[in-house]
Structure formats: structure tokens, C-alpha cells
Amino acid sequence: MISLNKYEEKKKRLIAEFAEVKRLNKKVLLKKKTVSNLFRYGDRNKTDAATISLSKFNNIINIDVKGKILEVEGLVTYEKIVDYCLNYNLVPLVTPELKNITIGGATVGIGIESTCYKYGFVHDGLVEVDVLTPNGDVLTCTRINKNKDLFNALGNSYGTLGYVLRAKIKLYDVKPYVHIKNIKFDNVKSFIDSMYKATTDPDVEFIEALIFSKNELYLMLSKCVDKTPYLDDVYRGEIFYKLPRKKRDIYLTIKDYIFRYDPDWFWNFPERPFYKLFRKIAPKGMRNSGFYTRYINWKKKFFNEKDEGKERLIQDWEVPWDKAIELTNFALNNVNLGKNPWLAVPIKVVSSATIYPLKKNQLYYNLGCYCYVDKVKGKEDYYYTKIMDKKCFALKGLKMLYSSTFISKKEFDNLYNGKKYTKLKKKYDPDSRFRYLYEKVVQRR
Ligand SMILES: Cc1cc2nc3c(=O)[nH]c(=O)nc-3n(C[C@H](O)[C@H](O)[C@H](O)COP(=O)(O)OP(=O)(O)OC[C@H]3O[C@@H](n4cnc5c(N)ncnc54)[C@H](O)[C@@H]3O)c2cc1C
């Protein structure tokens, strides 16, 4: 934890450092210590951009327990945030499921979770934010102050309009444990109808679903509780995604619930004998997505491992609720995830982010998949990604951009409010010191 004064001192030093970089007239890239949670195809193009390290901006600053507001620096991870807030039985309105995701990354990258049907995306829970702009200024932005245009455009900007240095976010009350009730469905329509009904059920606090096939769908309706008859162990026991197939009732500590997919990076930790033993005996510090990502990167580097024959299908799409059945059926009919499930959550945004223009207060349906799948013989690379994107856009939906996307600039601008974005970019980045969104997320420049 640090004081606001200490943060202000660091901020001043950063502004001075940025002024130096500005003199070199180079493009600027963010440097950080935590692992990245981006999954865009191919290697990034080589660049001679100058790097600015924000690694030290990773502290909690303050908590207002009564007002339920937390103030943090931009590179704090959600694990640190949750550990701290749970001392007060509070957590952020939306907490991503991977421990190493940072508040800055999730704000600009559209963070989602099983509470999104009540609270919208991560950026909807933002109260105030300090942004280091590409011009080298640090601007304090809120939904109503003079920098509101920047505030409202942070969601989906992926650092192209500035870096989050400090944020105030909303919190809500939780209890020590979560009871997950699993309801199995054998057809898509009644599953989607029940998910919709749950969004207005006062007895439900978290909604998500795992979909294995057209006749095996699990709706997980959960709520916080003070006591449990037993506790499930997602570290040494069963991998979380397998539990709904085995049990109607699952009980987890609130922290294990929030990060339920973290120990096995959803369902990607291999299940071969060596890894099974690792799951049982490795220290808890190694049973997390950060360790897993570093391990995979290390294997690729030292053993030159390639993903040949595989498509990285790590993507999220959302469509208006009345298109939920169509998107689900399309995915189940056309995409083969092998034994892995699809993950679905309902979402209702409370504000319309400028460059992620979902309609305010309208329910959307998010469908995601997080695994490597076999390529389809005779089809182009990223075949599944492309057909799902096309279907999603045809259904008036949007996809998140943390992963590979292959659309034209014209289509991109139509979908993600390119006109307004370009205006903002010219205002806050007149010298094009940071990349444009299309360059960054589609062209990998
Ligand atoms: C496998 C996988 C699973 C995911 N699961 C979830 C999930 O469960 N819930 C969820 O909400 N999201 C999830 N995401 C999406 C994730 O939230 C976004 O990719 C997010 O942007 C990652 O943030 P990060 O902190 O890891 O930053 P990075 O991955 O390092 O960076 C992401 C982007 O944000 C920018 N950025 C990073 N920090 C800042 C900052 N301080 N200010 C401005 N820009 C910044 C970077 O420049 C970069 O463009 C997942 C992504 C993947 C690949």
C-alpha cells in the first residue's frame, strides 16, 4: 500500500521521463512486469519505439469502506485487489477470472465476469481515473468532468488513448463463501430462457454457463453464503469446469470462486500423468495462470514449440439477447472445441463505451471459448475465428479485441465507432505517438 503523496511523486517522475522520450520523437510502448493476457496471432512487428515502464504503479492506495470505493494504481493485479478488499468483505463489481489481469488492462480491454448482467463491464465500475496520454500529460477523468470524452472511450482502447496510472473503482459486499447451483439442460432454447429469467431473480448473484453440446448445457446460478456444508477444492481436487458435470451443488471460498478458472487456465492445463502429479504437489504459487503462461512461453522459446495444426480459439463474442439461441446453435453446429466447453454469461452495460458501442441497459449474451483446437483440413488459417466473427457481426454483435481479428479497416470503423475514435485520437495523440487501435489489434504493428 502507498500514500497518495507517494503516487503523486512517482507520477511527476514519470511525466519527466516521458518528456525525455518525447524529445526523441519516437513511438511509445508500455512495459510491465506481469504476464500479458493478449492472444493475437503472429509475432508483433519489430519496432524501434521507446518503452515506458509502469511496473512500479502496482499498489493499493486507499479504500473507502463506507462508500465502497477502492483507489489503486493502474498495474495492480486483480489478485492483489481481491486479497486486500476481502479484508473488508468487499470486491470490485466485476473481477476478471485470471489473477494476473491488471486493473488498467481490464479497463481498456473490456473485462467480463458472472456479475456483468448487473454491473456491466469492468469500465462501468470506474469512478475516476488518471490517464497518461500519448502527449505526456496526466489527465484526471470522470464520467462528468471536462475529460469525460476520454473516460468514456477507455473501454476497448487497449492503451492507444493513454495508460491508466490510477483508478477509483466501485466495490460491493460479499460473504466468505459461494454456493453454485448447477442446472442441467438438454436443449438450447430452455437453457437460454432460464438464463434470461435468472437475470431478474433476486436470489441469484452470479450467472454463468458451461456448454458442452446441444444436449449438455449447465447453467450455474450462484450466491454468497456465510456457511457451507463442505468445500470443493479447485487446486488439488477436481478442475473447476468438470465439477458441474459431477455435482449439483458446489461450494467454494469467495476467492476460489472469483478465480475458479485460474489454477488450470480454464481447461488448458494438460491432463497427462506428469501434470496430474504437478496439480497435486506443486506449491499454490505455481498453480496459477501467470505461471502457466510463463511456462508455455518458455517452452516455445527453448524447445521451439509451434502451434502447428492448431488454431488458438481464445475469443469472446456478444450479441443482443434475442440472438443468443442463434449464436449458440451456430457455434455448436460449426465449431469443434473437442472436449472443451463454451462459456456463456449475460451482460447489461450501464454506460455505452464510445468505442465498444453496445446499447445501454439492453441485455446481451456473451459466448466465449478459451482453448487450442484442431485446424479444419482444407480450410484457411483461423477458419473458426473468422466464421464466428462473421456470424457475430451479422447478428449485430461485437467481439472483444484481446485476441486475433481479421476484418478490414472499413468494417472495423463501422463496428467500433471509428469516426469518434479518430477524433479522440487526434485530440489526445496529435503526434501519433501511440499506435492506432486497428494497427494494434488487427495489423499487429
Ligand atoms: C485466455 C484469456 C482469458 C481471459 N479471461 C478473462 C476473464 O476471465 N475476464 C476478463 O475480464 N477478461 C478476460 N480476458 C481479457 C483480458 O481482460 C484483457 O485481455 C485485458 O486487456 C488483459 O489485461 P492485462 O492486465 O493482462 O494486460 P496486458 O495483456 O498486458 O495488456 C492488454 C492491453 O491493455 C493495455 N494495457 C495494459 N495495462 C494498461 C494500463 N495500465 N493502461 C492502459 N492500457 C493498458 C496494453 O497496452 C494492451 O493493449 C482474457 C483474455 C485471455 C487471453
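Computed from the coordinates by the stated procedures, all read-outs in this text should not be read as laboratory data. Since the model is a prediction, treat every value here as computed from it, not as a measurement. Positions of Cβ are backbone-derived with ideal geometry, glycine not excepted, and every protein chain shown enters the neighbour counts.
Using r as the Cβ-Cβ distance of Lys214 and Asp173, and R0 as 45 Å, what FRET efficiency do you calculate, to the nearest 0.05?
FRET efficiency, Lys214 to Asp173: 0.75.
Go from 0 up to the bin containing the longest alpha carbon distance in the chain, width 20 Å each, and give me the % of pairs per bin.
25, 60, 15, 0
Place a label point 7 angstrom from the Cα of Lys360 along the Cα-to-Cβ direction, then list the residues of region 400-416 whose backbone nitrogen is under 18 Å away.
none
Provide, for q = 0.12, 0.16 Å⁻¹, the log10 of I(q)/I(0) from a solvent-free Debye sum over equal Cα point scatterers in region 172-253.
Here log10 of I(q) over I(0) equals -0.36, -0.62.
Using Cα pairs closer than 8 Å and at least 6 residues apart in sequence, work out the relative contact order for the chain, in percent.
The value is 18 percent.
Taking 0.36 nm per intervening residue step and subtracting the Cα-Cα distance, what contour gain separates Arg294 from Lys66 on full extension? Working shown, then result.
On the way: separation 228, 0.36 × 228 = 82.08 nm, distance 3.88 nm.
Value of the extension gain: 78.2 nm.
Over region 336-445, what is the relative contact order in percent, taking alpha-carbon pairs closer than 8 angstrom and at least six residues apart?
Relative contact order here is 24 percent.
May I ask for the angle, rounded to the nearest 10°, between helix 188-198 and the longest principal axis of the chain, with both axes built from Cα atoms and the value confined to 0 to 90°?
With both axes taken from Cα atoms, the answer is about 60 degrees.
At q = 0.26 Å⁻¹, what log₁₀ I(q)/I(0) does a Debye calculation on the Cα points of region 313-388 give, no solvent, two decimals?
-1.23
Suppose a student asked you for the relative contact order of region 51-162, using Cα pairs under 8 Å spaced at least 6 residues apart; what percent would you report?
On the way: 164 pairs, mean separation 19.9, N = 112.
Once normalised by length, the contact order is 18 percent.
Can you give me the Rg/Rh ratio for region 28-170, using Cα atoms for both radii and the Kirkwood formula for Rh? Can you show the working numbers first?
Values: Rg = 14.8 Å, Rh = 15.5 Å.
Computed over Cα atoms, the ratio is 0.96.
Which one, Gly397, Leu86, Tyr365, projects farthest toward the positive side of the charge dipole computed for the chain from Cβ point charges (K/R +1, D/E -1)?
Toward the positive end, the furthest listed residue is Gly397.
Compute the label zone of Asn336 within region 364-383: residues whose backbone N is under 16 Å from the point 7 Å along Cα-to-Cβ.
Taking a point 7 Å out along Cα→Cβ of Asn336, the residues of region 364-383 whose backbone N falls under 16 Å are 372-383.
Please report the antiparallel percentage of DSSP beta bridges with both residues in region 291-381, rounded to the nearest 5.
Beta bridges within region 291-381, antiparallel portion: roughly 100 percent.
Run the dipole for region 178-236 about the Cα centre, Lys and Arg Cβ at +1, Asp and Glu Cβ at -1, nothing else charged, and hand back the magnitude in debye, nearest 20.
Computed charge dipole of region 178-236: roughly 120 debye.
Over 24 Å between C-alpha atoms is what I'm after, so list which of Lys246/Lys280; Lys33/Lys168; Lys56/Lys420; Lys27/Lys426; Lys99/Lys284; Lys12/Lys146 land there.
Checking Cα-Cα distances, Lys56/Lys420 exceed 24 Å.
Do me a favour and compute the ellipsoid semi-axes for region 231-349 from its Cα gyration tensor, root of five times each eigenvalue, largest one first, whole Å. Can you show the working numbers first?
On the way: eigenvalues 145, 96, 36 Å².
Equivalent ellipsoid of region 231-349: 27, 22, 13 Å, largest first.
Averaged over every viewing direction, what's the projected area of the C-alpha convex hull for region 292-445? Give it in nm², one decimal, please. Could the numbers behind the result be given before it?
Working: hull surface 45.0 nm².
So the Cα hull casts an average projection of 11.3 nm².
Top mean-square fluctuation among Lys246, Lys56, Lys214, Gaussian network model of the chain, C-alpha springs under 10 Å?
Sorting by GNM fluctuation, first place goes to Lys246.
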